[in-house]
Amino acid sequence: MRSASSRCSHAHTPILPYAHTPILWGLALLMLGTVPAGAAKLTARQVLEKAAAHYEAIEDYTADARVTVESPSIHMPEMLAKIYYKKPDKLHLESKDGFAMLPRQGLVLGNPFRDLINGLELSLARSERVLAKDCYVIKGSFRREGRIVESSVWIDKKDWLVRQIHSNPEWGPSVKVKLWYTRVARRYWLPSTTAAQVSIPPFPGAEPEKKAEPDQPTIITIKFANYRVNIGLSDTIFEKEERGN
């Protein structure tokens, strides 16, 4: 019969932990071997491709839109409209109050970075927090109607949703759009609200007045409701817009 001191000595022997050392080292090496693959840095194109998956699932939709415009130079009453969209960029509007113009700067239809991903340059610039979300900041440029457009997009690292877009064309107004989302049919993420800040640059060669105040941007806010997604919209709905009438 073993004494109490013998049992106590055996309970504290270091042989048992060291017996498992090869197994522990093997597990550690296995874990270290899998870290680089999971933690590998994404490229700008890979980030855009992940975000593009949200838009690829949407063939068409209709939505009600409430539009407000705050501008230092023009007055535009609040407008209610019905939006019809079909991939890749077909748009038809029906105004509920007789005013059928909707500023495109506040709309984000389909894939908002389709031109960027196929453009001239593309880089993952940095990370930044926008609308309380940690985002990748992708920068690039592309050609539109023969002119260069510098563009940046902020993509949510968790949900892969575009939270902000900044477009600065070689000629014309620069636009910065922030986006909030709603989930439709428990599957599709679509904007619930967009807020576009439109800044019109001075004409080339124009000398600003010394006492002139800086131009205030125009703010276009669009609130969306009553989405219906992938309902098989006919091309005939968009024929009038395509003819330019």
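Listing for the model above:
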{"quantity": "Residue selected from the stretch 120-135 under the condition assigned to a loop (DSSP other than H, G, I, E, B) and at pLDDT 90 or above, by the criterion surrounded by the fewest Cβ atoms within 10 Å (Cβ to Cβ)", "calculated": "Ala132"}
{"quantity": "Check on Pro204, surrounded by 13 or more Cβ atoms within 10 Å (Cβ to Cβ) and either modelled with pLDDT of 90 or more or more than 13 Å from the chain's Cα centre (by Cα) (or both)", "calculated": "no"}
{"quantity": "Checking His92 against (1) farther than 18 Å from Val198 by Cα; (2) of a type outside the set (Val, Ile, Thr); (3) modelled with pLDDT under 85; (4) crowded, with 16+ Cβ neighbours inside 10 Å, the condition it does not meet", "calculated": "(3)"}
{"quantity": "Some residue of the stretch 55-63 being closer than 24 Å to Pro217 by Cβ, outside any strand (DSSP E or B) and touching a residue at least 60 places away in the same chain (Cβ under 8 Å)", "calculated": "no"}
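The values are calculated or read from the model by the stated rules, or taken from the named source; none is laboratory data. Here the structure is a predicted model, which means the values were calculated and not measured. Counting neighbours? That spans all protein chains shown, and the Cβs are built from the backbone with ideal geometry, glycine included.
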